[in-house]
Amino acid sequence: MPHLLSASDLPLPQMLLRIRAWEEKRARGRDSRQGLLEQALPFRAEGSVALLFYEPSTRTRAAFEQAVVALGLHPLVITAESASVQKGETLADTVRTLCAQGVVGVVLRHPEAGAAHAAARVSSVPVLNAGDGAHEHPTQAMLDLYTLWVHFGMPDPASHWLAGRKVAIVGDIAHSRVARSNLILLTRVGAEVWLCAPPNLLPAATLPGATLTPCLQEALQNADVVMALRLQRERMEQGLLPSLNAYRRDYQINAQRLACARPDCVVMHPGPLNRGVEISDEVADSARSLILKQVHAGLATRCACLEYALSPHPESGAV
Ligand code: NCD
């Protein structure tokens with residue numbers, strides 16, 4: 001079954017093209033529901049997709065919910081506050097329950113790393129990881145990559161189209177599922193990836209394909225793309241971050257700092273933004289910011305991800 005648990009599960013050239021197709025469809029048939037349904041999955045069109053959101057979310061949840069509807073399916077949103085997890089039910093039992101009720105897919109956001117894999121082990125339907133603790137966030141990385149692909153003029157998606165480009169990801173790398181999933185996809189298309197954080201927010205182990213550095217100047221030097229990340233205070237042990245002011249002073253992405261990046265360097269952020277902390281207002285709202293383009297790509301990306309996970313795959317024996 002094609003679960004989507006890690007960025008490494010994503011079939012890259014195919015996904016970029018499908019996201020593009022969904023974007024075009026959206027542009028053509030903004031008010032035509034039929035337009036969106038044309039290429040939806042007729043055999044699934046009656047079912048429900050469970051959206052289990054056990055952590056706060058605005059962008060990811062809104063995009064998945066709209067994507068489920070765009071595919072002609074029904075979103076069944078369950079949050080930690082409203083679920084039987086409050087009564088002591090395990091995630092495995094919740095997933096088994098939803099499968100027994102006939103959902104056709106499960107989208108899961110969860111505070112624990114590995115939760116999506118655990119759900120997939122007991123699920124009879126595809127599980128899509130919408131962010132599990134500090135582990136992975138594959139659909140976010142996919143929409144980030146798509147945003148860059150469009151920005152760079154939609155080069156041959158099967159090529160190493162980011163070869164020769166430097167991408168600097170700056171912020172709380174140690175706790176960032178976005179950084180981990182992005183690293184997987186960016187290196188697959190040839191990017192040179194730098195991960196930059198204060199020493200105690202760098203990961204303990206090396207990450208294959210990335211250059212780790214506490215030196216912001218070194219990370220930003222000649223960068224083509226800079227991605228700022230939020231400090232994941234909900235995942236930090238106490239005392240890891242000495243002071244917000246020190247972080248702002250030494251690591252904030254602002255216009256002055258970007259002077260050493262390439263003149264045409266673009267800036268990204270997965271959101272939510274802590275304006276004035278990891279990124280200045282001036283940069284977040286500047287012409288070089290791709291932040292709202294990322295948000296915009298979120299819906300088409302989730303349409304393509306759901307379509308991929310819920311489609312019958314010849315190797316799985318399903319028809
Ligand atoms: C990220 C997340 O939740 O992992 N946001 C998102 O999904 N758009 C990043 C974050 O919370 O900082």
Please list, ordered by residue number, the helices (runs of 4 or more DSSP H) wholly in the stretch 28-110 having 3 or more residues that are modelled with pLDDT of 90 or more and under 28 Å from Arg177 (Cα atoms). 59-70, 91-100
Any hit, the stretch 104-115, residues being open to solvent by less than 30 Å² (accessible area, probe 1.4 Å), free of Cβ contacts under 8 Å to residues at least 24 places away in the same chain and under 29 Å from Gly239 (Cα atoms): yes
In this structure, does Trp149 turn out to be at pLDDT 95 or above, farther than 17 Å from Ser6 by Cβ and within 19 Å of the chain's Cα centre (by Cα)? yes
For the stretch 173-196, does any single residue satisfy the condition of being assigned to a loop (DSSP other than H, G, I, E, B) and surrounded by fewer than 18 Cβ atoms within 10 Å (Cβ to Cβ)? yes
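Mind listing just one residue for me: the one in the stretch 185-221 that is in contact (Cβ under 8 Å) with a residue 40 or more places away in the chain and under 22 Å from Ala113 (Cα atoms) and, of those, farthest from the ligand (Cβ to nearest atom)? Working first, answer last.
Step one: of the stretch 185-221, the residues in contact (Cβ under 8 Å) with a residue 40 or more places away in the chain are 185-186, 188-189, 196-198, 200-201, 216-217, 219-221.
Still in the list and also under 22 Å from Ala113 (Cα atoms): 185-186, 196-197, 200-201.
Details: Leu185: 15, Leu186: 16, Cys196: 16, Ala197: 14, Asn200: 18, Leu201: 13 Å.
That would be Asn200.
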Would it be correct to say that Glu218 is open to solvent by 10 Å² or more (accessible area, probe 1.4 Å), out of contact with any helix residue (DSSP H, G or I) (no Cβ under 7 Å at 6 or more places or on another chain) and either assigned by TED's automatic domain parsing to the domain that holds Glu112 or at pLDDT 95 or above (or both)? yes
Can you pull out every residue in the stretch 281-290 that is touching a strand residue (DSSP E or B) at 6+ places or on another chain (Cβ under 7 Å) and either polar (S, T, N, Q) or at positive phi (or both)? Ser289
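From the list Asp281, Asp250, Asp224, which residue is loosely packed, with under 14 Cβ neighbours inside 10 Å and in contact (Cβ under 8 Å) with a residue 40 or more places away in the chain? Give the derivation first.
Numbers: Asp281 fails: in contact (Cβ under 8 Å) with a residue 40 or more places away in the chain; Asp224 fails: loosely packed, with under 14 Cβ neighbours inside 10 Å.
None of the others qualify; the one that does is Asp250.
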Within 15 Å of the ligand (Cβ to nearest atom), small (Gly, Ala, Ser) and open to solvent by 20 Å² or more (accessible area, probe 1.4 Å): which single residue out of Ala100, Ala130, Ala134 fits that description? Ala134
Exactly one of these conditions fails for Gln294: (1) away from the ligand (no atom under 16 Å from the Cβ); (2) closer than 22 Å to Gly153 by Cβ; (3) touching a Ser or Thr at 6+ places or on another chain (Cβ under 9 Å). Give me its number. (1)
Answer yes or no: is there a residue in the stretch 255-265 that is within 16 Å of the ligand (Cβ to nearest atom) and either touching a residue at least 12 places away in the same chain (Cβ under 8 Å) or of a type in the set (Ser, Thr, Tyr) (or both). no
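Which one of Val77, Val122 is within 22 Å of the chain's Cα centre (by Cα), not charged (D, E, K, R) and not assigned by TED's automatic domain parsing to the domain that holds Val178?
Criteria check complete, one pass: Val77.
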Based on this model, can you work out whether Glu307 counts as away from the ligand (no atom under 16 Å from the Cβ) and surrounded by 13 or more Cβ atoms within 10 Å (Cβ to Cβ)? yes
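The values are calculated or read from the model by the stated rules, or taken from the named source; none is laboratory data. Quantities reported herein were computed from a predicted structural model and do not represent experimental measurements. Positions of Cβ are generated from backbone atoms using ideal geometry, with glycine treated the same way; all protein chains shown enter the neighbour counts. Just the protein is used for accessible areas: all its heavy atoms, side chains included, with ligands, DNA and RNA removed. Shrake-Rupley method; radii C 1.70, N 1.55, O 1.52, S 1.80 Å.
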